[in-house]
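What follows is a single structure, written as structure tokens, with notes after it.
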Amino acid sequence: MRLILSLFLFIPSLGFSQSDTTELKFDTKYYNAVDKWIAFPKKKADTTYTFGFIYIDEQAGFTFDYTSHFKLTDSGLKKLPRQFEAGLKSRLSRNTIDVAILSDEQIVELELPKEPEWLAIYKEGSEKPEYLKNIGFHYNANGASNLALEPLLKAYGIEPHLKGLEFELAYAYNAIGKFNEAISVLKKAIENDPQTFWFYRELGFSHKNLGQVEKAEEIYRKALDLTKDEAQKAEIAVNMAQSYAQLKDEKKFKEWAKLTKKYSEKGSRFEQYVDAWAKEFEKK
């Protein structure tokens, strides 16, 4: 039996340093600690640290597998008896606090293998494009698009038109500011499938951020025709309203501000944005 709980993940960070083998630096994001033995910081009142292994479940995402607790002693780390007989896994998210990656010496002190035997189960099919795409998706979804590129590019080299892959790759490129690379991917994606809204949404975003506002507007209008999702339409509209506000083009700004309000909920942040930008024009 395996329990899926969220424990030990929101404790205030506390560093600790005694010697090379007992030093714990809680300065690593969970997505930079994949396939690593790690420890979470303890509360000030506690005397022990929770430790275990971080990996990516292809379907569920970033996961912490609880092993046990340890305490710091003059002779190093001392592993304590496990508190739970059943397997205990916790899903990790953007709210997860920073962790400490255990050193090779600390892993030996805790009598741990290089990696858990069960990890192989989660690596099955790890060279297949669908698996690689899913891993890239989880990195993108957790704000680590720079780490998404490696698995996504591997998948792209095998099956470039795999459903969802081109969007994830373009999203990753856009997220890290590589807009021309995103455009290259999206152009090929649209040639293969000209009816997917998400390709146009990302492509418009790329051109907007390159300062190619008229091109972005042309692409975004195509995107508007391809979706009934008013939340997405509102996001597109506010992006264009922002661009024209920055260019001080009042006529075009008003056009997109009107669309923003049309598709946004009353009192939404998008509506508040365009109202604030409108006031800047009124100051002239």
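Each reported figure results from applying straightforward, stated rules to the coordinates on display, with no laboratory input. What you see is a predicted model; the values in this text were computed from it and never measured. All Cβ positions, glycine included, derive from the backbone under ideal geometry; neighbour counts span all protein chains shown.
Roughly speaking, what is the stretch gain from A276 to A60, that is 0.36 nm per residue apart minus the C-alpha to C-alpha distance, in nm to one decimal? Display every interim value, and only then the final one.
Values: separation 216, 0.36 × 216 = 77.76 nm, distance 3.99 nm.
Net length gain for the segment: 73.8 nm.
I need to check one value: relative contact order of the chain, counting alpha carbon pairs closer than 8 Å and at least 6 residues apart, in percent.
Values: 462 pairs, mean separation 32.2, N = 284.
Relative contact order of the chain: 11 percent.
Could you give the nm distance between label points at K248 and Q83, where each point is 7 Å from its Cα heading toward the beta carbon?
6.1
Quick one: which of 144-156, 32-44, 72-84 comes out on top by average Cβ neighbours within 10 Å, and what's the full order, highest first? Mind showing how you got there, number by number?
Details: 144-156: 20.8, 32-44: 18.5, 72-84: 12.9.
In decreasing order of mean packing, 144-156, 32-44, 72-84 become 144-156, 32-44, 72-84.
Kirkwood hydrodynamic radius, the chain, all distinct C-alpha pairs: what's the number in Å? Spell out each step's value before the answer.
Details: mean 1/r = 0.0458 Å⁻¹.
Computed over Cα pairs of the chain, the Kirkwood hydrodynamic radius comes out at 21.9 Å.
Work out, in µm²/s and without decimals, the Stokes-Einstein translational diffusion coefficient of segment 129-282 at 25 °C, 0.890 mPa s, Rh from Kirkwood over C-alpha pairs.
152
Quick one: net charge around Y171, please, counting Lys, Arg +1 and Asp, Glu -1 for every other residue with C-beta under 10 Å from its C-beta. Please report the intermediate quantities before stating the final value.
Numbers: positive: R201; negative: E166, E168, E202.
Within the 10 Å Cβ shell, the charges total -2.
Need the full-extension length gain, L119 to I97, defined as separation in residues times 0.36 nm minus the C-alpha distance. One decimal, nm.
Values: separation 22, 0.36 × 22 = 7.92 nm, distance 2.31 nm.
Extending this stretch completely gives an extra 5.6 nm.
Less than 19 Å apart at the alpha-carbon level, and either on another chain or at least 8 residues along: which lysines does that give for K25?
Of all the lysines, those that pass the test against K25 - Cα under 19 Å, at least 8 places apart if same chain - are K36, K42, K43, K44, K71, K78, K79.
Can you check what the net charge comes to around I219, using other residues whose Cβ is under 12 Å from the Cβ of I219 (Lys, Arg +1; Asp, Glu -1)? Working shown, then result.
Numbers: positive: K187, R201, K208, K215, R221, K222; negative: E202, E214, E217, E218, D225.
Cβ neighbours under 12 Å give a net charge of +1.
For the chain, with only Lys/Arg (+1) and Asp/Glu (-1) charged at the beta-carbon, what is the dipole magnitude about the Cα centre, in debye rounded to 20?
Numbers: 42 positive and 43 negative charges, 240 e Å.
Its charge dipole is roughly 1160 debye.
I'd like to compare 47-57, 260-270: which one has the highest average count of other Cβ atoms within 10 Å, and what's the full order after that?
On the way: 47-57: 20.7, 260-270: 15.7.
Taking the mean over residues of other Cβ atoms within 10 Å, the ranking is 47-57, 260-270.
Could you tell me which residue out of S75, L152, Q272 lies farthest along the dipole of the chain toward its positive end? Charges go on the beta carbon: Lys and Arg +1, Asp and Glu -1, centred on the Cα centre.
Q272
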